[in-house]
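Enquirer: Can you keep this structure in mind? I'll have questions shortly.
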Amino acid sequence: GSMHTRNRRHELALAPLRRAWDARKKRLGEDHAATLQVAGVLAFNLADAGDVAGGLVLAEAVHVANQRIYTQPTETSLRAMLRLSRLLKRSGKYERAEAMIDEYLLHARRLFGDTNQNTILGFSDRASLLFGVGRFDEAAAQFDVTAKAYRSVKSDINAALTQGYVSDSQREAGHAAQALPGQLDAVATLRRLYP
């Protein structure tokens, strides 16, 4: 199931993930962390295979169970929260998706700091959500936070790509002249990295 997930063959991932989930429920119980981890992966694969509603229902159940079994957020429970935020966004439930990503970032920043990959991923997801709902000035600011975080961990490719998103957001907000230098810089960096 994991192999199919990594290769984006989501429909093929469903059967082995369901078998793994059933086996873990029988062996470890429904609320065991390992069981919930498989359920979370299954939820995302359901959505990617076309059953967004079914994936969302399962992701919600995983989130509720994580809230019940963990007294403090963990990397596993936060990953499930991030998946739920993404599925809420895909389902058009933008307000709840934003609340979920904000809660995720609150915990991720406290647990990991601002330059950890988990936190940076949350910054990026929040920026994408803001862009998707047309809040372009806010998206530009959030993408800028994300680009700075990527630069701080020397991830030049991701920083350049994200700088491009800053510029896209500025352009969509009506600030094309302000966007152009950043976009040109992002293109120059990407050309240097990918000659």
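The values are calculated or read from the model by the stated rules, or taken from the named source; none is laboratory data. None of the values given here were measured: they were computed from a predicted structure. All Cβ positions, glycine included, derive from the backbone under ideal geometry; neighbour counts span all protein chains shown. Surface areas here come from the heavy atoms of the whole protein model, side chains and all, with no ligands, DNA or RNA. Shrake-Rupley method; radii C 1.70, N 1.55, O 1.52, S 1.80 Å.
Enquirer: Determine whether the range 157-168 contains at least one residue that is open to solvent by 60 Å² or more (accessible area, probe 1.4 Å) and closer than 28 Å to Gln72 by Cα.
Expert: No.
Enquirer: Just one of the numbered conditions (1) among the β-branched types (Val, Ile, Thr); (2) in contact with a Gly (Cβ under 7 Å, 6 or more places away or on another chain); (3) open to solvent by 30 Å² or more (accessible area, probe 1.4 Å) is not true of Thr119; which one?
Expert: Unmet condition: (3).
Enquirer: Right, another one. Taking helices (runs of 4 or more DSSP H) that fall entirely within the range 53-145, which contain at least 2 residues that are among the polar types (S, T, N, Q) and under 23 Å from Val38 (Cβ atoms)?
Expert: 75-90, 117-132
Enquirer: If you check Asn45 against the conditions, is it part of a helix (DSSP H, G or I) and touching a His at 6+ places or on another chain (Cβ under 6 Å)?
Expert: yes
Enquirer: Please determine whether any residue of the range 31-44 is at pLDDT below 90, hydroxyl-bearing (Ser, Thr, Tyr) and touching a helix residue (DSSP H, G or I) at 6+ places or on another chain (Cβ under 6 Å).
Expert: Looking through the range 31-44, none of the residues is at pLDDT below 90, hydroxyl-bearing (Ser, Thr, Tyr) and touching a helix residue (DSSP H, G or I) at 6+ places or on another chain (Cβ under 6 Å).
Enquirer: Here's something else I'd like to know. Arg171: open to solvent by 70 Å² or more (accessible area, probe 1.4 Å) and over 28 Å from Tyr104 (Cα atoms), yes or no?
Expert: yes
Enquirer: Would you mind finding the one in Glu60, Glu95, Glu75 that is among the acidic types (Asp, Glu), within 30 Å of Thr146 (Cβ to Cβ), surrounded by fewer than 19 Cβ atoms within 10 Å (Cβ to Cβ) and modelled with pLDDT of 95 or more?
Expert: Glu95
Enquirer: Which condition breaks for Arg90 when tested against (1) of a type outside the set (A, V, I, L, M, F, W, C); (2) within 25 Å of Asp51 (Cα to Cα); (3) within 11 Å of the chain's Cα centre (by Cα)?
Expert: (3)
Enquirer: Still on this structure, I have one more. What do you reckon, is Val133 among the β-branched types (Val, Ile, Thr) and either within 14 Å of the chain's Cα centre (by Cα) or open to solvent by 40 Å² or more (accessible area, probe 1.4 Å) (or both)?
Expert: It is true that Val133 is among the β-branched types (Val, Ile, Thr) and either within 14 Å of the chain's Cα centre (by Cα) or open to solvent by 40 Å² or more (accessible area, probe 1.4 Å) (or both).
Enquirer: Considering the range 129-166 alone, what residues qualify as being among the basic types (Lys, Arg) and more than 22 Å from Thr189 (Cα to Cα)?
Expert: Passing the criteria: only Arg135.
Enquirer: A follow-up question, please. For the range 3-35: of the residues being of a type in the set (D, E, K, R) and outside any helix (DSSP H, G or I), which is least open to solvent (accessible area, probe 1.4 Å)?
Expert: Restricting to residues being of a type in the set (D, E, K, R) and outside any helix (DSSP H, G or I), the top hit is Asp31.
Enquirer: Sticking with this structure for a sec: Residues in the range 98-115 that are open to solvent by 50 Å² or more (accessible area, probe 1.4 Å) and within 15 Å of the chain's Cα centre (by Cα): how many?
Expert: The number of residues fulfilling the criteria is 5.
Enquirer: Restricting attention to the range 136-157, and to residues there that are touching a residue at least 24 places away in the same chain (Cβ under 8 Å) and within 17 Å of Leu82 (Cβ to Cβ), which single residue is nearest to the chain's Cα centre (by Cα)?
Expert: This residue is Thr146.
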